[in-house]
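Derivation of every value follows stated rules applied to the coordinates shown; laboratory data play no part. Predicted, not measured: the structure shown is a model, and the values here were computed from it. Here the Cβ is made from the backbone with ideal geometry for all residues, glycine too, and neighbour counts use every protein chain on show.
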Amino acid sequence: MAACCFTNPLEVLKTRLQLQGELRAKNQHTIHYKNVVHAAYVVAKNDGPLALQKGLVPALWVQLIMNGMRLGTNLIRQNSQNNEGNLVFYKSVIVGGTGGVVGQYFASPFFLVKTHLQSQAAKAIAVGHQHEHEGTWSAFKKIYHTSGIKGLFRGAGASIPRAFVGSTSQLTSFKYSKEFLNQYDYFSDKPLLTSFCGSMVGGVAISVMMTPFDLIMTRLYNQPVDPQGKGLLYANYFDCVIKIFKTEGVSAFYKGVGPMYLRLGPHTVLCLVFWDELKRLYDKFLQ
């Protein structure tokens, strides 16, 4: 959660870039945000500097639920090891992925509201559908009043592949990197440095692997719906994939990869290093 406060502005910029040019062919839409730096300038200029922290409250809840579940399942990683104490790949994938999926599903209502709030912008720079929520709790009330509990979990299915791929790639690469580095004497007695290097690898892995799934989820979360709660732009997950591919091309699936890495890189480092250090202190306390 501490990491989220520092990286949330990048999540805002990523959301704007992912929604820019939605279902429009290249060069057939206005480009409000040229890149992550330009996007930060445009948002601060038009919406004010505080707009870079839009959606912070639901984002904190997302991290609390998701990371609590993912890192909690990471505690049983000994079940992912063989008799020599080395990680077994497929077991590590299952453990990491399962924790991510469960956490993402229960965090989905907060992720939905976070996406709505972060996409809201001044008319001059608006991209994607504008839900016009007044704040976090008013957004929950509005969605619940309109569509009930089902509306709060709209798009939750789209978050599952994102969570599985993201959690698996991040935690597996983190654990394998540390295991590799600990083979060398230089790293074996430097747990903090080992955690830092391992988390750097985890940040790259999750950014590259998760961006396409994240973009699809953002589009499905943010699309307008009819009175029955059905999406007006995309009928389902695969319809979303096909429409993006046909209208925007393959490269569209990597819209926002810049801020995705800039966010998940430091976020992964902070989160996993904090986690490793706290766990180490806890283990020392128990001894």
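General remarks:
- Where trypsin sites (Lys or Arg not before Pro) fall in DSSP loop in the stretch 1-56, at most 14 other Cβ within 10 Å: Arg24, Lys26, Lys34
- Rounded Å value of the spacing that divides the Cα centres of the stretch 222-287 and the stretch 161-176: 12
- Net length gained if the chain between Cys5 and Gln130 were fully extended (0.36 nm per residue, minus Cα distance): 42.6 nm
- Spin-label pair Lys150-Tyr41: with each label point 7 Å from Cα along the Cα-Cβ axis, the two points sit 4.7 nm from one another.
- Helix axis angle, 156-181 relative to the chain longest principal axis, alpha carbon, degrees: 30
- Estimated vicinal HN-Hα couplings, Hz - the stretch 43-58 in sequence order (Karplus 6.51, -1.76, 1.60; Gly, Pro = x): 5, 5, 5, 8, 9, x, x, 5, 5, 5, 10, 4, x, 5, 4, x
- Between the stretch 114-155 and the stretch 1-71, the alpha-carbon center distance in angstrom: 14
- Annotation: extensible slack from Leu50 through Leu281 equals 79.6 nm (criterion: 0.36 nm per residue apart, minus Cα-Cα distance).
- Rounded to 10°, Cα long-axis angle of helix 257-286 versus longest principal axis of the chain: 40
- Taking the Cα centre of the chain as origin and assigning +1 to Lys and Arg Cβ atoms and -1 to Asp and Glu Cβ atoms, the resulting dipole is close to 600 debye.
- Degrees between helix 136-152 axis and first principal axis of the chain (Cα, 0 to 90, nearest 10): 90
- A Förster distance of 41 Å, applied to the separation of the beta-carbon atoms of Asn182 and Asp239, puts the FRET efficiency at 0.35.
- In the chain, the sites counted are GluC sites (Glu not before Pro) in DSSP loop states with at most 13 other Cβ atoms within 10 Å, and the longest stretch holding none of them, exclusive of the sites, is 135-287.
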